[in-house]
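The values are calculated or read from the model by the stated rules, or taken from the named source; none is laboratory data. If you're wondering where the values come from, they're calculated on a predicted model, not measured in any experiment. When we count neighbours, we look across all protein chains shown, and the Cβ atoms used for this are built from the backbone with ideal geometry, even at glycine. Just the protein is used for accessible areas: all its heavy atoms, side chains included, with ligands, DNA and RNA removed. Shrake-Rupley method; radii C 1.70, N 1.55, O 1.52, S 1.80 Å.
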Amino acid sequence: MTEWVTGRVSAVRHWSDKLFSLRVEADLAPYQAGQFTRLGLMLPTAEGALERVAHAYSFVNPPQAGYHEFYIVLIPQGRLTPHLQQLQVGDTLWLARQASGFLTLDELPAGRDLWMLSTGTAIGPFLSLLAAGGIAERYSQLVLAHGVRWGSELSYRDEISQLQARWPGRVHYVPCVTREPWREGIAGRIPAAIAQGALEACVGLPFSADASRFVLCGNPQMVKETLQALQLRGFRKHLRREAGEICMENYW
Ligand code: NAP
């Protein structure tokens with residue numbers, strides 16, 4: 001049974017007409033960077049009763065932050081996100097007290113370089129992992145690729161710059177904008193960039209069996225096709241029973 005606690009919105013950031021972040025104060029059980037919990041609101045059913053409508057969202061913040069932050073995309077036909085988008089500072093919502101998820105530092109395979117490959121709001125758990133800090137003790141080079149349609153969807157740039165300043169020369173940010181020319185990163189989708197060698201070239205860091213480890217999070221089609229592109233390069237899924245190089249989580 002899920003234990004629900006009340007949270008209070010302490011800050012809201014609207015990045016675009018579809019993308020927003022909610023910062024929430026709530027008394028949650030301890031969690032790890034990269035995990036998710038559920039956010040819920042009581043909404044009316046067709047019969048006029050109230051029911052809790054909830055969905056899983058990853059923490060963007062590191063656990064030590066003192067607040068909980070969630071990066072959310074509006075699903076216009078969805079039941080929950082049009083209401084989440086309307087929340088303002090001081091409003092309340094429900095959170096599952098206990099977080100879950102395996103996109104955590106403990107679950108990642110050891111190596112030299114960690115390639116974090118995301119689309120859309122699924123950059124969130126990687127920002128949490130990076131800001132938590134332990135990842136920089138485990139890996140020498142940290143690559144954060146973010147696939148979005150439009151450059152205006154490249155959120156959290158200030159936070160990414162701060163991470164780059166914290167570990168100079170070790171945090172490589174690769175925006176992958178697919179629907180307009182963009183002045184930096186890669187023009188196109190992540191799996192194609194892997195197949196063409198463009199991702200390695202952009203960072204200046206070749207893949208190698210010894211050094212490279214990958215963690216994928218996002219659009220389920222992107223995760224599937226990125227896995228295939230990496231498998232063609234000789235990398236394997238990382239499983240508890242059999243070590244490999246690739247971890248992954250579908251974001252919806
Ligand atoms: P997204 O789908 O996570 O990411 C968009 C980016 O992924 C675009 O650059 C797109 O490229 C690229 N992409 C799409 N298919 C790909 C593939 N097979 N391989 C590699 N890259 C691929 O974007 P979003 O705007 O955050 O989310 C869009 C929709 O996803 C939402 O409206 C919602 O329906 C759904 N969603 C649901 C949830 C949920 O929790 N239920 C969460 C997040 C998103 P192209 O421009 O070339 O297509």
Cβ-placed point charges (K, R +1; D, E -1), dipole of the chain about Cα centre in debye, nearest 20:
340 debye
When only DSSP loop residues count, what chymotrypsin sites (Phe, Trp or Tyr not before Pro) in segment 81-165 have their Cβ near at most 15 other Cβ atoms within 10 Å?
102, 150
Expressed as a percent, the accessible surface of segment 105-250 that is carbon or sulfur, using a 1.4 Å probe and the full set of protein chains, is 47 percent
Ignoring trypsin sites (Lys or Arg not before Pro) that are buried or in helix or strand per DSSP, and keeping those with at most 10 other beta carbon atoms within 10 Å, what is the longest stretch of the chain between them?
1-182
Using a 1.4 Å probe, what is the accessible area per residue for the chain, in Å²?
48 Å²
Hey, can you list the DSSP H helices of the chain whose Cα span along the axis is 15 Å or longer and whose average Kyte-Doolittle score is at least -1.0?
220-232
